[in-house]
Every structure is written in C-alpha cells, then in structure tokens.
C-alpha cells in the first residue's frame, strides 16, 4: 500500500509496532540508519517479533543513500510538528512515501526546509508537544487507506 520510512528511529517497541502495522497494511518499511537498536535475526527472535519474517523491509545506511535512490517528489509526505498543514489535506495514493523522523529529533531540519510543500502534521492540543511515533504512523497511514476506499494494495 505505502512505503513507510523511519529516519533514525531510536525506540525498539515503536519500530516493532510499526513493523506489525506494515505487515497488516501490506506496506513496505524502510529503516534509515543510524538505528537506536539491533534488528539482527537473533535480536528480533529474542523480542518475540514472530511477524517480522513477513515484513517487507529495506534498511538504508544513511538518509543520503535513501534520497539518492528515491529523490523527493510530490508523492512524498514528510510528517513533522513544524508545519501547519494537517495530514488529511494531503492526497495519498498507493505506493506513496510516508516519512517520519526519530522520536527525539524528528526529521532533519534541512529536509523540512527544502520541501515545505510535502510537510504534513497531526494537530495536537496546546498541552501536547508530540505523539508516540507508532501512533503517528498509524494515523497518517490509515488516512491514506481511507482516502483510497479502505482497500489495501500490496506493493
């Protein structure tokens, strides 16, 4: 359905939850290093991620390597708290790219500054500063599913 990209994720349970979401969506998960955890077969087995073998996963050595292979186009949606455009105003199509930054620092400022037209945000109340990464991915990804008639399309 979509390409979900996590740039430098730091918290293993978040990535595990997002991996499960991707399996259920038929989405491809892209992890961009550095990662804050180990995803070796042994570590995944120890964590009890029995669905991980079903995950369509690509790991990139750096954001530069990822962007060289996949230059940002109108089919990219950059999730950030540094914009005012709500996620539901974007138009999502199958195989779009949904980019999310690390739990601690978000997407790189340079990426946001260079592509403001691609930025989307999840509105929050005045007391909140951010949402859990796996929750944010679920909100945006399922808006894309909703916009496409609730139909899940394999990559």
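Values quoted throughout were computed directly from the atomic coordinates according to the rules given, and no laboratory measurement underlies them. What you are looking at is a predicted structure, and each value in this text was computed from that prediction instead of being measured. Cβ: placed from backbone, ideal geometry, glycine included. Neighbour counts: every protein chain shown.
Give the angle, between 0 and 90 degrees and rounded to the nearest 10, that separates the Cα long axis of helix 12-25 from the longest principal axis of the Cα atoms of the chain.
80
May I ask you to work out the translational diffusion coefficient for the chain at 10 °C, viscosity 1.306 mPa s, via Stokes-Einstein with Rh from the Kirkwood sum over Cα pairs, reported in whole µm²/s?
Details: Rh = 15.7 Å.
In µm²/s, the coefficient is 101.
Between residue 89 and residue 55, what is the label-point separation in nm under the 7 Å Cα-to-beta-carbon projection?
3.3
Given R₀ = 41 Å, FRET efficiency for residue 151-residue 127 by Cβ-Cβ distance, to 0.05?
Values: r = 36 Å, r/R0 = 0.89.
Working from the Cβ atoms, E equals 0.65.
Give the peptides 5-14, 70-79 in descending order of average Cβ contacts within 10 Å, highest first. Walk me through the intermediate numbers first.
Values: 5-14: 19.9, 70-79: 17.4.
Final packing ranking: 5-14, 70-79.
Determine the percent antiparallel among the DSSP beta bridges restricted to region 3-147, to the nearest 5.
Around 5 percent of the beta bridges assigned by DSSP in region 3-147 are antiparallel ones.
Calculate how steeply helix 133-147 sits against the longest principal axis of the alpha-carbon atoms of the chain, using the helix alpha-carbon long axis, and give the answer as 0 to 90 degrees to the nearest 10.
70
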